[in-house]
1. Could you tell me whether the chain comes out rounded, prolate or oblate from its Cα gyration tensor? Rule is a ≥ b ≥ c as square roots of the eigenvalues, rounded for a/c under 1.5, then prolate if a/b exceeds b/c, otherwise oblate.
2. Heavy atoms only, probe 1.4 Å: what % of the accessible area of the chain goes to carbon and sulfur, would you let me know?
3. Using Cα-Cα distances under 8 Å and only pairs 6 or more residues apart, what relative contact order does the chain have, in percent?
4. If each residue of separation counts as 0.36 nm, what is the full-extension length gain between residue 18 and residue 47 once their alpha-carbon separation is subtracted?
5. Give me the 1.4 Å probe accessible area per residue for the chain, excluding ligands and nucleic acids, in Å².
6. Top mean-square fluctuation among 13, 25, 54, Gaussian network model of the chain, C-alpha springs under 10 Å?
Amino acid sequence: MRVIFAFENTRAVIAAEKAVSSRGVAVKVIPSPVMDSHSCGMALAADSAGACIVREILTEHNIKFDLYEE
């Protein structure tokens, strides 16, 4: 299972990817899920094992996100 983190704008995606990657957590920039019409069109994907760490990092950096599981 993978977890998708969707964001309001591309600036947030870039900031999130930078923050998460700087901590050594693997994420991938992907198109936003179709069911998320409020996002900017880009999202981050993480495996379920890394999702908790990604969530903590984004919260520490005050980056708002929506969460989806596939």
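1. Because a/c hits 1.5 or more and a/b fails to exceed b/c, the chain counts as oblate.
2. On the chain, the fraction of accessible area on carbon and sulfur atoms equals 53 percent.
3. Working: 115 pairs, mean separation 35.3, N = 70.
It rounds to 50 percent for the chain.
4. Gain in length upon complete extension: 8.7 nm.
5. Per-residue accessible area for the chain comes out at 62 Å².
6. 25
The values are calculated or read from the model by the stated rules, or taken from the named source; none is laboratory data. Every value quoted in this text rests on a predicted model; they were computed, and no experiment measured them. Side chains included, ligands, DNA and RNA excluded: accessible areas come from the protein's heavy atoms. Shrake-Rupley method; radii C 1.70, N 1.55, O 1.52, S 1.80 Å.
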